[in-house]
Amino acid sequence: MGQFEGSGSSILTAARPTRTVEGLATAGGVTMIKSIWTIVPLGVLFSLNLPASSAAQTLGPDALVDGFLRAFNTHDAKAFGSLFTEDADWVSVAGIRVKGRAGIQAEHEKAFTTFFKSATLASTGTTVRLVRPDVAVVHFNWELTGQVDKEGKVAAPRRGVITIVATKEEDQWRITAGQNTNTFVPP
Amino acid sequence: MKRTTAISILAFVGLSSFTFDYAIGQTPEPTKWRAKDEQTIQKVPDDFSGAWNRHDMKAYSDLFTEDADVVVINGKHMKGRNEIFTYHDGLHKGVFKERTLTARWKDLRFIGADVAIGHIAFAGRSSSGDERRNTTALATVVLVKQQGRWLIAAFHNTLLSGHPGGRLPSDPK
């Protein structure tokens, strides 16, 4: 089927509300205020809260796992690709390396329209470690269900682990390198 | 108004020059440190396979940072040098006693001055010469510079052929 056959990813059951969304909702509320006397104190309050709301709008590297699962489970290759840096690397469960966001997106587009078209990925545990304030190493264990073969037969669930190396540029965390491995049981 | 603009421009130019001078003063000349760092990093696969082939897991685990993350071909995730040592030492006293490997960089790129990401290709062999036990693998490797040494901060290895002798949890027993 292609070099990405057998590659696993993740799924999210529901897009949970993020801190970003909450922050924006607060800001949006200001537009509804009519009186200048209400706006001024609110403006002051908003300014005072600025550091806190800026922080709230900067999602941590762990949010990439949520984004990964969401894009995988909605089979949205474009959203999936947007999680990666332009020069990102990805190594699939078959040990095949794909270079660049465009390639990663294209391979997952193939997967999402074929063997992963009804597949669901779930994380069973995430760890995050900062190796520098702007470089994070993220791991998550996953469980994949609903993968189909060429005849449309549903495969048994499988498990594995993904390493993500994320970098922060202009307040945005993106995946710059990642690798996936199936978990094997010793013979 | 004009005066304010002029002051702003002067202030900006002054600040820029200061920043520029500061940057030149503090940062080593990029091509020089990069060439030296690349030279050091080039040795990592040889150090890795050397320690492995001598079954010297102390030397092997010393290639990693104290808090390194390692994911090996069967999906096992280790955290920290101690765990890396214990796991591999056990294997090298047993089933890996007759395993050797060769390793080489496929690519390498820098994320700033003290972090580098690359991929190492591995070929594993059995000393019995049994070719059915030959394996190839590819690993994502994250290196960090700590006290002048480049150490492996994260390592994730995947076999190109699937796990020999292992099975997926979903495979029939």
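The values are calculated or read from the model by the stated rules, or taken from the named source; none is laboratory data. Only a predicted model underlies this, so the values are computations on that prediction, with no experimental measurement involved. Virtual Cβ from ideal backbone geometry, glycine too; neighbours counted across all protein chains shown.
Modelled with pLDDT of 95 or more and at positive phi: is that true of B:His55 in this structure?
Taking the combined requirement at face value, the residue satisfies it.
Which of the residues that make up the range A:154-173 are within 21 Å of A:Ile96 (Cα to Cα) and either among the charged types (D, E, K, R) or touching a helix residue (DSSP H, G or I) at 6+ places or on another chain (Cβ under 9 Å) (or both)?
A:Arg158, A:Arg159, A:Ile162, A:Ile164, A:Ala166
Looking at the range A:70-84, which of its residues are assigned to a helix (DSSP H, G or I) and buried (at least 23 other Cβ atoms within 10 Å of the Cβ)?
If the condition is that a residue be assigned to a helix (DSSP H, G or I) and buried (at least 23 other Cβ atoms within 10 Å of the Cβ), then A:Ala71, A:Phe72, A:Phe80 are the ones that fit.
Please enumerate the residues belonging to the range A:100-149 that are touching a residue at least 12 places away in the same chain (Cβ under 8 Å), charged (D, E, K, R) and under 18 Å from A:Val165 (Cα atoms).
A:Arg101, A:Asp134
For the range A:105-112, indicate whether the set of residues that are basic (Lys, Arg) and farther than 26 Å from B:Val70 by Cα is non-empty.
Among the residues of the range A:105-112, at least one is basic (Lys, Arg) and farther than 26 Å from B:Val70 by Cα, which makes the answer yes.
Quick check on B:Ile73: is it closer than 21 Å to B:Leu160 by Cα, in contact (Cβ under 8 Å) with a residue 12 or more places away in the chain and buried (at least 16 other Cβ atoms within 10 Å of the Cβ)?
For B:Ile73, the condition - closer than 21 Å to B:Leu160 by Cα, in contact (Cβ under 8 Å) with a residue 12 or more places away in the chain and buried (at least 16 other Cβ atoms within 10 Å of the Cβ) - is met.
Go through the range A:138-181 and give me each residue that's under 17 Å from B:Ile111 (Cβ atoms), of a type outside the set (Val, Ile, Thr) and within 9 Å of chain B (Cβ to nearest Cβ).
Within the range A:138-181, A:Ala177, A:Gly178, A:Gln179 meet the criteria.
Output the number of the condition that B:Ile117 fails; it satisfies all remaining conditions of (1) buried (at least 17 other Cβ atoms within 10 Å of the Cβ); (2) in a helix (DSSP H, G or I).
Only one criterion in (1) buried (at least 17 other Cβ atoms within 10 Å of the Cβ); (2) in a helix (DSSP H, G or I) is unmet by B:Ile117, namely (2).
List the number of the failed condition for A:Ser118; all other conditions in (1) within 13 Å of chain B (Cβ to nearest Cβ); (2) surrounded by fewer than 16 Cβ atoms within 10 Å (Cβ to Cβ) hold.
All conditions are met except number (1).
Can you tell which of B:Ala121, B:Ala103, B:Ala116, B:Ala137 is closer than 15 Å to A:Arg97 by Cα, in contact with a strand residue (DSSP E or B) (Cβ under 9 Å, 6 or more places away or on another chain), more than 8 Å from chain A (Cβ to nearest Cβ) and at pLDDT 95 or above?
Checking each option against the conditions leaves just B:Ala121.
Report whether or not A:Thr176 is within 19 Å of A:Gly67 (Cα to Cα), crowded, with 18+ Cβ neighbours inside 10 Å, in the same structural domain as A:Phe80 (by TED's automatic domain parsing) and of a type outside the set (D, E, K, R).
Taking the combined requirement at face value, the residue satisfies it.
With the structure loaded, tell me whether B:Gly90 is part of a helix (DSSP H, G or I), over 22 Å from the mean Cα position of the chain (by Cα) and either exposed (fewer than 10 other Cβ atoms within 10 Å of the Cβ) or at pLDDT 95 or above (or both) or whether it fails that test.
yes
Taking A:Ile96, is it buried (at least 16 other Cβ atoms within 10 Å of the Cβ), within 14 Å of chain B (Cβ to nearest Cβ) and at pLDDT 95 or above?
No; evaluated as a whole, the condition is false for this residue.
Checking B:Val144 against (1) within 12 Å of chain A (Cβ to nearest Cβ); (2) outside any loop (DSSP other than H, G, I, E, B); (3) closer than 22 Å to A:Phe184 by Cβ, which test does it fail?
In the conditions (1) within 12 Å of chain A (Cβ to nearest Cβ); (2) outside any loop (DSSP other than H, G, I, E, B); (3) closer than 22 Å to A:Phe184 by Cβ, B:Val144 misses (3) alone.
Of the numbered conditions (1) out of contact with any His (no Cβ under 7 Å at 6 or more places or on another chain); (2) within 10 Å of another protein chain (Cβ to nearest Cβ), A:Gln105 satisfies every one except a single condition; which is it?
So A:Gln105 meets the others, but not (2).
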